[in-house]
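> This is the structure, below, for whatever I ask next.
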Amino acid sequence: MQLTLERWRWLPSAYQTPLIVANIPEFRLRAYDGDFKIGAAMKVVVGKALRHNTPVFTDTMQYVVFRPYWQVPRSITRSELIPLIVRDPDYLAKKEFEVVDSDQNVVAAGTISSDVLNQLRAGKLSIRQKPGPKNALGLVKFVFPNSYNVYMHDTPSTELFAKSRRD
């Protein structure tokens, strides 16, 4: 309770526009209308309790992206995707991923060669997932630019919402 009160102390005392609030420990999102009454409420999945904590902050939503690409973080590329590519050079193509350079030009979208794999390992190339039904971000992404690189998004993994604990 003491930690919650301390976090609350750092939030703005008044908001000028309707809010969207993700209550992380409750795994719920509430959207408030212009009169600050709950207009919508839904279950949410948040960062992992350990090692991937969801940061607590306030910011303004800037825009919405429909059918977004998912830019795979380097940490996930190294720890999860590279081992899968080593086992199956066609893995990225099967899961609708593509390898891109720093300008987002597609370098490979099919079988991954050893040269491309080495460039991925070195961090010279990155991986993104194409928009569509397999995309980890689902069909919509809500962007409020912040230093944590956190955003809200849809998901194709709807089975996660059946769990009582969604982190």
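Only the coordinates and a few stated rules stand behind these numbers; no lab work does. Not measured: the values here are computed from a predicted model. Quick reminder, even Gly has a Cβ in these numbers, built from the backbone with ideal geometry, and neighbours come from all protein chains shown.
> Taking the Cα centre as origin and putting +1 on Lys and Arg beta-carbons and -1 on Asp and Glu beta-carbons, what dipole magnitude results for the chain, to the nearest 20 debye?
Working: 23 positive and 16 negative charges, 87 e Å.
For the chain, the charge dipole is close to 420 debye.
> Output the pairs from Lys94/Lys130; Lys94/Lys163; Lys43/Lys94; Lys48/Lys163 with a Cα-Cα distance over 19 Å in this structure; if there are none, say none. Walk me through the numbers on the way to the answer.
Numbers: Lys94/Lys130 11 Å; Lys94/Lys163 28 Å; Lys43/Lys94 30 Å; Lys48/Lys163 14 Å.
Violating the 19 Å limit, Cα to Cα: Lys94/Lys163; Lys43/Lys94.
> Which of Phe161, Phe97, Phe27 has the fewest other C-beta atoms within 10 Å, and how do the rest follow up to the most? Mind showing how you got there, number by number?
Working: Phe161 13, Phe97 24, Phe27 19.
Neighbour counts put them in this order, fewest first: Phe161, Phe27, Phe97.
> While we're on this one: Among Glu80, Glu98, Glu26, which one shows the biggest mean-square fluctuation in a GNM of the chain, springs joining Cα atoms closer than 10 Å?
Glu80
> Rounded, prolate or oblate: which fits region 95-142, taking a ≥ b ≥ c as square roots of the Cα gyration tensor eigenvalues, rounded meaning a/c under 1.5, else prolate when a/b beats b/c? Numbers along the way, then the final one.
Numbers: a/c = 2.63, a/b = 1.87, b/c = 1.41.
Judged from the Cα gyration tensor, region 95-142 comes out prolate (a/c at least 1.5, a/b above b/c).
> Using only alpha-carbon positions, what ratio does the radius of gyration of region 70-129 give when scaled by 2.2 N^0.38 Å? Intermediate results must be reported in sequence, preceding the final value.
Working: Rg = 9.8 Å, N = 60, 2.2 N^0.38 = 10.4 Å.
Rg over 2.2 N^0.38 Å, computed on Cα atoms: 0.94.
> Could you tell me which of rounded, prolate or oblate describes region 27-102, using a ≥ b ≥ c as the square roots of the eigenvalues of the alpha-carbon gyration tensor, with rounded for a/c under 1.5 and, failing that, prolate when a/b is larger than b/c and oblate otherwise?
Numbers: a/c = 2.77, a/b = 2.11, b/c = 1.31.
It is prolate, given that a/c is not under 1.5 and a/b is the larger ratio.
> Counting pairs of alpha carbon atoms under 8 Å apart in space and at least six apart in sequence, what relative contact order in percent does the chain give? Spell out each step's value before the answer.
Details: 249 pairs, mean separation 37.4, N = 167.
Averaging sequence separation for qualifying contacts and normalising by length gives 22 percent for the chain.
> At what distance in nm do the modelled label points of Gln2 and Gln104 sit from each other, each positioned 7 Å from its Cα along Cα→Cβ?
The modelled label-to-label distance comes out at 4.7 nm.
> Another question about this same structure. What 222 nm value per residue comes from the helices of the chain, counting each DSSP H run with n ≥ 4 as -39,500 (n - 2.57) and dividing by all residues, nearest 500 deg cm²/dmol? Don't skip to the end; give the middle numbers.
Numbers: 4 runs with 26 residues, N = 167.
The helix contribution divided over the chain gives -3500 deg cm²/dmol.
> Once you have the alpha carbon radius of gyration of the chain, what is it after dividing by 2.2 N^0.38 Å, with N set to its residue count? Please list the in-between numbers first.
Working: Rg = 18.7 Å, N = 167, 2.2 N^0.38 = 15.4 Å.
Taking N as the residue count of the chain, the ratio is 1.22.
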